[in-house]
Amino acid sequence: MEHESSSMGSWLTTHREIRRCRKMTSKPFGVNLTLLPALQPPDYPAYARVIIEEGIRIVETAGNNPAPVIKQLKAADPPIIILHKCTTVRHALSAIKLGVDFLCKLSRRCKPLTRLICVWLYSPPMHDGFHD
């Protein structure tokens, strides 16, 4: 079960939605935190704080400069497991340096398809193949 926090309007709404999701299942679930560029960006540190306070253990990140949010989530006790989605190798290498646990490289290579597809997945045991 996935909950996309950055589309929920505010971190207060995210707080409420996480609790609502928790009532619907006894199973673990993750939160998708998409960091979109904007003239007035949302308070992403507040979203991360809510995720940490609510005890979410897995977060999917994507988008504009995830470094501050990834550092905040990794500083939690225990650190939150992060799956980061990106579209370029340059961004993938940056995310690896930030300490993400999993990385999904997305591609639009299949022209008939309009959606992104994950073409490879990185995890720490695979790390040796990703040196600069």
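The values are calculated or read from the model by the stated rules, or taken from the named source; none is laboratory data. From a predicted model like this one, the values you see are computed outputs, not experimental measurements. Here the Cβ is made from the backbone with ideal geometry for all residues, glycine too, and neighbour counts use every protein chain on show.
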Any residue in segment 24-49 that is farther than 16 Å from Thr13 by Cβ and in contact (Cβ under 8 Å) with a residue 24 or more places away in the chain sitting within a Cβ distance under 8 Å of a residue that is crowded, with 16+ Cβ neighbours inside 10 Å and aromatic (Phe, Trp, Tyr)? List the pairs, counting only those 6 or more apart or interchain.
Leu35/Tyr44
Yes or no: His84 at pLDDT below 90 and either assigned to a loop (DSSP other than H, G, I, E, B) or buried (at least 17 other Cβ atoms within 10 Å of the Cβ) (or both)?
no
(1) modelled with pLDDT under 65; (2) of a type in the set (A, V, I, L, M, F, W, C); (3) part of a loop (DSSP other than H, G, I, E, B) all hold for Trp120 apart from (3)
Which residues, taken from segment 45-67, are in a helix (DSSP H, G or I) and over 8 Å from Leu33 (Cβ atoms)?
Pro45, Ala46, Arg49, Val50, Ile52, Glu53, Ala67
From Ala92, Ala67, residue being at pLDDT below 90 and surrounded by 12 or more Cβ atoms within 10 Å (Cβ to Cβ)
Ala92
